[in-house]
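The values are calculated or read from the model by the stated rules, or taken from the named source; none is laboratory data. Every value quoted in this text rests on a predicted model; they were computed, and no experiment measured them. Positions of Cβ are backbone-derived with ideal geometry, glycine not excepted, and every protein chain shown enters the neighbour counts. The accessibility values were calculated without ligands, DNA or RNA, using every heavy atom of the protein model including side chains. Shrake-Rupley method; radii C 1.70, N 1.55, O 1.52, S 1.80 Å.
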Amino acid sequence: MVNAAKVLQDLRASAERKPDVVVRLGKPLIDSGAVLKLDADAWLVYEQVAIAALDMGDDGLALKCIQALETRFPGSPRVRRLQGMQLEAVGKLAEAGQIYKAILEEDETNVLASKRQVMLLRTMGLPSEAIAALVKYLDVNYTDFEGWLQLADLYLDELMYAQAAFCMEEVLMLQPQNHIFHLKYAEILYTQDNIQLALKQFCRVVELCGDHVRGLYGIKMCASRLLKAAPSKDAAATSQEDLEAMDLLATERLIALYGAPGAAAESSKIAATKWIETQ
């Protein structure tokens, strides 16, 4: 029991979500009642196992844990959120929504309930409502970069690229060293036909992550388009010489990356070279 409890504690501390491991270790503790010997940690284990059981589709175990928590903490928003998650798991989405709505009416700053409500609305195919709920959440929790990422995805689903770009700008203010976020922002800008700014962001991707293939492809595509366009009179625009240098560098690095030894690699190099030469 001690070993199982220690592993569960470590998983909680690291925020790792390994539902199969949690259920395998936690179920015997719950079924035997040994979990109660963990004192205050017992209720954290109940909650941890309840969420893992929902992930694994073990509705019976999840209900058992949630009922124990409800008995110990009647009316707790944290327990009610678990009840909402259990209702989601069995397809009772409207009932789950009512629980989240009631929690937020009592405390609009409840982060976990807000996030569950947004996910529920998205699952129900209500993107406008999900966007409204997430905007309201971010008005209070504006430093939650994951919330901004989710809002960007919602806007992208609705082809609202300007709004998605704004969300990514907020993300980059909070996570400026993450090359994946710069890449996402760059691709949105490219879709908006904001090629100059997209080029700068693709360059930032490569600066942060060396020979990043998508970053290099982005540089190649942006530089090619700008070279084919009429020279810009904007003083801040990238010069023709710099564009040619970036285009050449991206081309050389892409061909080199696809040029590792081996027949398969040789075929990839040939295909990549043909594509690059057409740009």
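GluC sites (Glu not before Pro), restricted to region 1-102: which are DSSP loop and have at most 11 other Cβ atoms within 10 Å? In loop regions of region 1-102 (DSSP not H, G, I, E or B), the sparsely surrounded GluC sites (Glu not before Pro) are GLU16. The distance linking region 33-85 with region 109-164 is 27 Å (Cα centroid to Cα centroid, whole angstrom).
Measuring only protein heavy atoms, the 1.4 Å probe finds MET119 accessible over about 80 Å². Pairs from the list LYS64/LYS92; LYS101/LYS136; LYS200/LYS228; LYS6/LYS92; LYS6/LYS27 with a Cα-Cα gap above 25 Å: LYS6/LYS92.
Specify whether the C-alpha gyration tensor of region 1-73 places it in the rounded, prolate or oblate class, a ≥ b ≥ c being the square roots of the eigenvalues: rounded for a/c under 1.5, otherwise prolate if a/b is larger than b/c and oblate if not. Rounded, since a/c falls under 1.5. Computed from the Cβ-Cβ distance with R0 of 25 Å, the FRET efficiency linking ASP20 to ASP41 stands at 0.75. Estimated translational diffusion coefficient (Stokes-Einstein, Kirkwood radius over Cα pairs, 37 °C, 0.692 mPa s) of region 109-179: 270 µm² per second. May I ask for the angle, rounded to the nearest 10°, between helix 77-89 and the longest principal axis of the chain, with both axes built from Cα atoms and the value confined to 0 to 90°? It works out to around 70 degrees. The label-point distance for GLU70 and ASP211, in a model that sets each label 7 Å from Cα toward Cβ, rounds to 5.8 nm.
Fully extended, how many nm does the chain gain between THR123 and GLU252 (0.36 nm per residue separation, minus their Cα-Cα distance)?
Result: 42.0 nm gained on full extension.
Solvent-accessible surface (1.4 Å probe) assigned to TYR161 amounts to roughly 70 Å².
Who wins for biggest fluctuation among VAL171, VAL135, VAL21 in a Gaussian network model of the chain, springs between alpha carbons below 10 Å? Result for the chain, Cα springs under 10 Å: VAL21 fluctuates most. Using Stokes-Einstein with the Kirkwood hydrodynamic radius over Cα pairs, what translational diffusion coefficient do you get for region 177-262 at 10 °C and a viscosity of 1.306 mPa s, in µm²/s rounded to a whole number? Diffusion coefficient, whole number: 121 µm²/s.
Stretched out fully, how many nm does the piece from GLU106 to SER239 gain, at 0.36 nm a residue minus the Cα gap? Mind showing how you got there, number by number?
Numbers: separation 133, 0.36 × 133 = 47.88 nm, distance 5.72 nm.
Stretched out fully, the GLU106 to SER239 stretch lengthens by 42.2 nm.
Here, region 11-130 yields an orientationally averaged convex hull projection of 7.7 nm² when only Cα atoms define the hull. Exactly which chymotrypsin sites (Phe, Trp or Tyr not before Pro) in region 56-148 are in a DSSP loop and have at most 15 other Cβ atoms within 10 Å? Those satisfying the criteria are TYR142. Among the listed values [x] 1.11; [y] 1.34; [z] 1.15, the one matching Cα Rg over 2.2 N^0.38 Å as calculated from this structure is [y].
The modelled label-to-label distance for the pair GLN192/LEU227, using points 7 Å beyond Cα in the direction of Cβ, is 2.6 nm. A DSSP coil position with no more than 15 other Cβ atoms inside 10 Å describes the following GluC sites (Glu not before Pro) in region 104-162: GLU108, GLU158.
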